[in-house]
Amino acid sequence: MVPQLYYITDRRQFPGDRHDQERRLLEKIVECAAAGVELIQLREKDLSARALEELALKAMAALVGSRTRLLINARTDVALACGAHGVHLPANDLAASDVRAIFARSGVSKPVIGVSTHSAAEVASAEAHGADFAVFAPVFEKGGTGSKDGVDELRRICHRPEAAQPPMPVLALGGITLENAQLCVAAGAAGIAAIRLFQQNDVNSVVKKLLSLQT
């Protein structure tokens, strides 16, 4: 299977003032969509709801004509207001089933709902509540070190015997580089989620290398 790719934004990592950072972020979103990144999480946690909605509307406009789907971190209200494709729920937030019901009451029948997880129990809960996918982290420490425990846990989660059939996809996050991404895919991860891997590199080159990974 071809790995799913998930860009998680952090405009504050870009140089310049807030206007430069926003411009660079929107350019990166366009770059990711053109390269074939399937999912983007707008994760700008410092913004007010109004400012996040304004940025989300710009991001949605930047994605017009692409197949890339935009998820808003934690804010179902903002996702609905800007017409985003779904939300990404932090661990210990509302259950995916509750959020899906909120979308349904607003006339949105098939939102994309991802959930952050840090343990097998959290992955199982996300799956039981109907999440579309989970992101498990951290697989590696910052810098890509300390791989064994994280990769072993990722493997246990991806091959859990109690998983639904077909199982909910689990994406790997945390310290992932082009050098260690193969370990995640070999462990059973359905895809790769990252901030720096996409933000700090040429996305087209990154995507080509990630899509060549084999399970």
> When you look at ARG156, is it open to solvent by 10 Å² or more (accessible area, probe 1.4 Å) and modelled with pLDDT of 95 or more, yes or no?
Replying inline: yes
> Does LEU178 qualify as being in contact with a Phe, Trp or Tyr (Cβ under 6 Å, 6 or more places away or on another chain) and either open to solvent by less than 50 Å² (accessible area, probe 1.4 Å) or farther than 21 Å from ASN92 by Cα (or both)?
Replying inline: no
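Please enumerate the residues belonging to the stretch 1-21 that are in contact (Cβ under 8 Å) with a residue 24 or more places away in the chain and open to solvent by 50 Å² or more (accessible area, probe 1.4 Å).
Correct list: MET1, VAL2, ARG12, GLN13.
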> Going by the structure shown, is ASP93 over 27 Å from GLU31 (Cα atoms) and of a type outside the set (Lys, Arg)?
Replying inline: yes
> Name the residues in the stretch 121-150 that are at pLDDT 95 or above, outside any loop (DSSP other than H, G, I, E, B) and touching a helix residue (DSSP H, G or I) at 6+ places or on another chain (Cβ under 8 Å), would you?
Replying inline: VAL123, ALA126, ALA134, PHE136
> Of the numbered conditions (1) charged (D, E, K, R); (2) over 22 Å from GLY114 (Cβ atoms); (3) over 19 Å from the mean Cα position of the chain (by Cα); (4) open to solvent by 60 Å² or more (accessible area, probe 1.4 Å), GLU162 satisfies every one except a single condition; which is it?
Replying inline: (2)
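The values are calculated or read from the model by the stated rules, or taken from the named source; none is laboratory data. Here the structure is a predicted model, which is why all the values come from computation and not from measurement. As a convention, Cβ positions derive from the backbone with ideal geometry for all residues, glycine included, and neighbour counts pool all protein chains shown. Surface accessibility is based on the protein's heavy atoms, side chains included, excluding ligands, DNA and RNA. Shrake-Rupley method; radii C 1.70, N 1.55, O 1.52, S 1.80 Å.
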